[in-house]
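Following: one structure in C-alpha cells, then a few remarks.
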Amino acid sequence: MASGRRGRRCAQLGVAGLLTLAALAATGATHTAAAAAAPQSLPAGCSGTSSITCHYAVAPGNYDVTVSIGGASAGQTEMWAEARRLMLPATRTAAGAVVTYSFTVNVRQPEGQPTGQGGTGNPGLDLRFTGAAPQVSAVSVKPAAQPLVAYLAGDSTVCDQPAAPYTGWGQMITTAVCPGAAIANYGDSGESSGSFLSNSALLPALLSKLRANDPVFIQFGHNDKQTSASAYRNNLITMISRIRAKGGVPVLVTPPVRRQFNGNRLTSTALHVNGVGVNLPAEMRAVGAAQRVPVIDLTARSKALVESLGPSASAQLFLRSSVDGVTDNTHFSPYGATQMGGLLLQSIREQNLPLAAHLR
C-alpha cells in the first residue's frame with residue numbers, strides 16, 4: 001500500500017526510454033525569461049566551470065535541495081548528488097532563462113557503498129553539475145521534514161557505483177522521485193543474501209534508520225552462486241521479518257539477467273540458476289507468495305528486454321570494451337542501469353507499491 005507521508009503525486013516524469021526533456025519541462029519548474037535578471041555568479045559553496053561542484057557541511061540525514069539552473073547564455077546541465085546519483089538528466093536552458101527543480105537527497109557517510117568500497121567520499125552533501133554547458137544560479141539546502149525514504153538492499157548491480165562507467169540501477173531511479181521522498185541506497189558490491197544480513201554496515205545499519213511505512217527493495221542472487229535453496233529462502237525471510245518488525249514494507253526484487261546467450265536465448269546461468277541448481281528467482285517468488293510480500297520480477301522483465309535486443313544490440317546495456325574500456329556482461333553501463341531502473345519503476349507503478357505515489 002502507499003504511504004501517507006508526503007503522498008501527493010508530483011508531475012509525471014518518464015525514466016528509461018521515456019525520459020525526455022519535454023517531460024522535464026512539465027514538472028512544474030519555474031522559468032525566468034529576462035536575461036538581465038539571470039544571476040551571473042555561482043552560489044556560495046560552488047566552484048568550477050565545465051564541471052561545477054557544490055559542497056555543504058551537513059550531518060547525515062535527508063535534505064530538501066532546490067536548484068536553479070540557467071543564466072545569461074544558453075546551457076545544458078545535468079545534476080548528480082553524492083556518489084553519482086543522477087538527480088536531473090541533461091536539461092537545456094535558453095539564454096536568459098532560469099529553471100528551478102527540487103529534490104530530497106539522502107546523505108550518508110560513507111557515501112556510495114556502505115562498506116566504503118571504492119572510497120568513502122566527503123562528509124556532508126556533494127552536488128555536481130555537468131553537461132555540455134553546465135549552469136547553476138542558486139542552491140538551497142534544508143533538512144527534510146519526515147520524507148518517505150525508500151531503501152535499497154542489494155549488490156553491485158544496485159549500488160551507488162563510485163566510478164564510471166560502472167552504474168547501479170539505484171543511481172538512476174533518483175531522477176523519477178518527487179521531493180518529499182528520497183532513495184537511500186544500501187546496495188554493496190559482492191554481497192549475497194547471507195552476507196548482507198551479517199555485515200553491520202548493511203542490513204543492521206539500514207534497520208537503524210528505517211521508519212514505519214518506509215519501503216525496502218531487496219534484490220539478491222548474483223552472488224548467491226553456491227547458496228542452497230533453503231538458505232536463500234531463510235535469508236530472505238529473515239530480512240522480511242526484521243524489516244516488518246521496524247514497521248517497514250519489504251518488497252522483493254528478482255535479480256536482473258546477465259548477458260549470456262545460447263543462440264538467441266539467455267542461458268540458465270544468465271537467468272540465475274546457480275551452481276548448485278537452485279533457481280533463485282523462482283525461490284524468491286515463492287517466498288513472496290508465502291510471506292505475502294510484493295515481488296518485482298526484474299528477472300523476467302530484463303530477460304524480455306535483453307532477448308528482444310539480441311546478442312549484439314543488448315551489449316549496450318552492459319559494459320563494452322569499445323566504449324567503456326572493459327567487457328562485462330553482469331554490470332550495467334549508465335544506459336543499461338537507466339533501462340533496468342525504468343523496468344523497476346514501471347512495476348512499482350503497476351503494483352501501486354509504496355513509492356508509487358512519490359514518482360514523477
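The values are calculated or read from the model by the stated rules, or taken from the named source; none is laboratory data. No experiment lies behind these values; they were computed from the predicted model shown. Ideal geometry is used to build each Cβ from the backbone, glycine not excepted, and the neighbour counts take in all protein chains shown. SASA here: full protein model, heavy atoms, side chains in, ligands and nucleic acids out. Shrake-Rupley method; radii C 1.70, N 1.55, O 1.52, S 1.80 Å.
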**Request:** Taking H placed 1.01 Å from N in the peptide plane, check which residues at least 5 places from E78 or on another chain put their amide H under 5 Å from its amide H.
**Result:** T91, T130, G131
**Request:** Over the chain, give the accessible area per residue in Å² for a 1.4 Å probe, as an integer.
**Result:** 37 Å²
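Would you compute, from DSSP H runs of 4+ residues alone, the mean residue ellipticity of the chain at 222 nm, taking -39500 (n - 2.57) per run and dividing by the full residue count, rounded to the nearest 500?
For the chain, the value works out to -7000 deg cm²/dmol.
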**Request:** Could you go through segment 135-144 in sequence order and give the Karplus-derived ³J(HN,Hα) for each residue, using 6.51 cos²θ - 1.76 cosθ + 1.60 with θ = phi - 60°, rounded to whole Hz, and x for Gly and Pro?
**Result:** 9, 9, 9, 7, 9, 10, 10, 8, x, 7
**Prompt:** Carbon and sulfur atoms: what percent of the 1.4 Å accessible area of the chain do they account for?
**Reply:** 53 percent
**Request:** Sort 312-318, 41-47 for me by packing, meaning the mean count of neighbouring Cβ atoms within 10 Å per residue, highest on top.
**Result:** 312-318, 41-47
**Request:** Pull up the cross-link candidates among the lysines for K225, meaning alpha carbon to alpha carbon under 29 Å and not fewer than 8 places away within one chain.
**Result:** K303
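Quick one: length gained pulling T66 to Q351 fully straight, 0.36 nm per residue minus the C-alpha distance?
On the way: separation 285, 0.36 × 285 = 102.60 nm, distance 3.00 nm.
Between T66 and Q351, full extension yields 99.6 nm more.
Using DSSP, restrict attention to beta bridges with both residues in the chain and report what percent are antiparallel, rounded to the nearest 5.
On the way: 43 of 57 bridges.
DSSP beta bridges in the chain are roughly 75 percent antiparallel.
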**Complete:** Calc'd 3J(HN,Hα), segment 202-211, phi into Karplus 6.51 cos²θ - 1.76 cosθ + 1.60 (θ = phi - 60°), Hz, glycine/Pro = x, comes to 10, 4, x, 5, 4, 5, 5, 9, 5, 10
**Prompt:** Tell me, what HN-Hα J-couplings in whole Hz come from the Karplus equation 6.51 cos²θ - 1.76 cosθ + 1.60 at θ = phi - 60° for each residue of segment 308-322, using x for Gly and Pro?
**Reply:** 5, 7, x, x, 7, 5, 5, 4, 5, 6, 10, 8, 10, 4, 5
**Complete:** Around V158 (Cβ within 10 Å, Cβ-to-Cβ, excluding V158; K/R +1, D/E -1) the net charge comes to -4
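Starting with the highest mean, order 83-89, 257-263 by the number of other Cβ atoms within 10 Å, averaged over the residues of each peptide.
83-89, 257-263
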**Item:** Quotient of Cα Rg and 2.2 N^0.38 Å for segment 108-148, N being how many residues it contains
**Value:** 1.54
